[in-house]
Amino acid sequence: MSEEKEPLFSSKNLKLLTEPLNDSNPITVQVLGICSALAVTVKLKPAFVMALSVVVVMAVSNVVISLLRKTVPPRIRIIVQLVVIASMVILVDQFLKAFLFDISKQLSVFVGLIITNCIIMGRLEAFALSNKPWPAFLDGLGNAAGYGVILIIVAFFRELLGSGTIWGFQVIPEGVYNFGYENNGLMILPPMALIVVGAIIWVQRAKNKKLIESN
Amino acid sequence: MENLVNIFVKSIFIDNMIFAYFLGMCSYLAVSKTVKTSTGLGIAVIFVLGFTVPIDYLIQNYLLKEGALVWLSPKFADVDLSFLSFIIFIAVIASMVQLVEMIIEKFSPTLYSSLGIFLPLIAVNCAILGGSLFMQERDYNNIAEATAFGLGSGVGWFLAIVGIAAIREKIRYSNVPDPLKGLGITFIITGLMGIAFMGFMGIKL
């Protein structure tokens with residue numbers, strides 16, 4: 001029973017939290033959760049709300065599944081997982097509708113799509129089903145944070161270059177526009193999100209050689 | 001009839017699931033290494049979308065929408081169950097996927113083994129749930145329109161994944177910068193294809 005004496009933030013547990021931020025980032029390395037990631041990144045604010053919602057859903061459902069892991073028969077586990085995630089998402093959705101109605105309108109179907117965000121299913125399958133609640137909680141937090149970080153970086157660049165604002169505030173001074181600077185309308189369009197992520201992957205892998213694929 | 005064709009074409013090209021909404025990206029990026037497997041997955045997606053959207057349409061209009069339960073008794077006129085739609089839609093999708101899995105396993109074991117984990121993952125393919133949620137949001141008039149939308153979205157997804165798979169098969173022989181190899185260049189190609197697809201946007205149908 002040596003495991004029970006393990007401190008809450010042992011190096012192993014801490015690794016669960018930090019690894020997804022870089023070496024096993026859910027978006028750029030594990031290729032999970034791209035779907036909703038890209039559509040909500042035109043502006044920083046919805047991207048931030050989306051990232052927070054995913055953190056909540058993911059941490060809680062990881063813990064719940066980890067608590068249930070010994071009682072759920074493997075054959076019906078997918079349905080159980082979906083039900084847990086779906087009920088969490090309904091809670092988040094109702095919360096957003098009640099307190100942040102504008103943003104919930106902007107996110108439209110994408111809050112619902114957190115259910116099918118493969119990052120959550122993927123981590124439940126890969127981690128929560130075979131680990132204790134506390135590591136599962138950390139793993140959920142770490143992965144959701146890794147997801148959120150990419151979301152926020154992409155949204156930052158798209159908002160800055162596409163509308164010249166950050167968090168809705170004008171940051172590019174009026175004078176620059178008078179010299180003929182134009183907002184890059186292309187950045188607002190959906191395909192540019194993909195290209196920005198492609199560029200992030202390029203930078204990350206150039207720094208972190210072991211992630212390079214053979215072809 | 002013309003209306004149906006319009007919805008069909010619109011959902012293939014203008015509202016393409018991948019290039020306009022990024023739905024179903026995960027399996028799109030992971031399975032698109034060869035044309036053969038991506039064709040199989042694409043067909044499975046068309047099939048699942050073509051069935052789940054009309055089924056969810058019926059559920060939405062006869063069970064969940066505000067006032068949808070009137071056919072049971074006029075007392076239910078102000079019952080609104082639409083907050084349950086996520087759970088119900090996902091249950092329909094999960095059972096359809098199970099069905100498709102059994103059919104493919106029976107008729108094409110090779111395809112079954114090459115799709116591997118991604119077949120059950122269609123259940124969490126955002127394109128499928130996205131199809132149902134868009135159907136709910138856009139309020140189609142009748143079940144035929146909803147079916148046309150479902151099939152069209154499926155075909156759009158199919159075209160996109162087969163297209164990217166063909167490009168990836170070719171690009172393997174090109175000299176891509178090391179850090180961009182694999183995932184990175186695929187993202188950028190998808191972005192470029194998306195820009196090309198935006199050419200359809202001005203078309204009014």
For this session: Give the cross-link partners of A:LYS45 among the aspartates and glutamates, using a straight C-alpha distance below 19 Å as the criterion and excluding same-chain residues fewer than 8 apart.
Result: A:ASP93, A:ASP102, A:GLU159
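Can you give me the orientation-averaged projected area of the convex hull built on the Cα atoms of the stretch B:1-109, in nm²?
For the Cα atoms of the stretch B:1-109, the hull's average projected area reads 9.5 nm².
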Seminar exercise, completed: Beyond 21 Å, the calculated P(r) of the stretch A:32-214 holds a percent of Cα-Cα pairs equal to 55 percent
For this session: Work out the FRET efficiency for A:VAL203 and A:TYR177 from their Cβ-Cβ distance, taking R0 = 35 Å, and round it to the nearest 0.05.
Result: 0.75
Exercise. Based on the Cβ-Cβ distance of B:ARG138 and B:SER95, what FRET efficiency does E = 1/(1 + (r/R0)^6) give at R0 = 25 Å, to the nearest 0.05?
Worked result: 0.55
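Starting from the Cα gyration tensor of the stretch B:133-184, take the square roots of the eigenvalues, sort them a ≥ b ≥ c, and report rounded, prolate or oblate (rounded when a/c is under 1.5, otherwise prolate if a/b is larger than b/c, else oblate).
prolate
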Exercise. Peptide B:174-182: average number of partner chain Cβ atoms within 10 Å per residue?
Worked result: 5
For this session: Determine, at each q value in 0.18 (inverse angstroms), the log₁₀ of I(q)/I(0) that the Debye formula gives when each Cα of chain B is one equal point scatterer.
Result: -1.22
Problem set entry | Per-residue Cβ neighbour rank within 10 angstrom, fewest leading, A:LEU151, B:LEU23 | A:LEU151, B:LEU23
Problem set entry | Fraction of alpha-carbon pairs over 12 Å apart in the stretch A:133-177 - percent | 67 percent
For this session: Order by neighbour count: B:GLU145, A:GLU159, fewest other Cβ atoms within 10 Å first, most last.
Result: B:GLU145, A:GLU159
Problem set entry | Residue order, fewest to most surrounding Cβ atoms within 10 angstrom, among B:LEU41, A:LEU21 | A:LEU21, B:LEU41
Exercise. Which distance in Å, rounded to a whole number, links the C-alpha centroids of the stretch B:134-195 and the stretch A:147-207?
Worked result: 23 Å
For this session: Could you tell me whether the protein assembly as shown comes out rounded, prolate or oblate from its Cα gyration tensor? Rule is a ≥ b ≥ c as square roots of the eigenvalues, rounded for a/c under 1.5, then prolate if a/b exceeds b/c, otherwise oblate.
Result: rounded
Exercise. Leaving out same-chain residues fewer than 8 places away, which lysines sit with a Cα under 27 Å from that of A:LYS210?
Worked result: A:LYS12, A:LYS15, B:LYS33, B:LYS170, B:LYS181
Problem set entry | Distance between the stretch B:1-50 and the stretch A:67-119 - C-alpha centres, whole angstrom | 24 Å
For this session: Set the Förster distance to 51 Å, then compute FRET efficiency between B:SER108 and B:SER73 from the Cβ-Cβ distance, nearest 0.05.
Result: 0.60
Exercise. Among all the aspartates and glutamates, which ones have a C-alpha under 13 Å from B:LYS10's C-alpha, if same-chain residues fewer than 8 places away are not counted?
Worked result: B:GLU2, B:GLU145
For this session: Show that you can apply the helix-only estimate: for chain A, add -39,500 (n - 2.57) for every DSSP H stretch of four or more residues, divide by all residues, and state [θ] at 222 nm to the nearest 500.
Result: -20500 deg cm²/dmol
Problem set entry | Computed over the stretch A:109-190, Cα set: Rg, Dmax in Å | 18.8, 60
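Just so you know, all these numbers are worked out from the coordinates, no wet-lab data involved. This structure is a prediction, so every number in the text was calculated from the model and none was measured. Neighbour counts run over all protein chains shown; Cβ positions are idealised from the backbone, glycine included.
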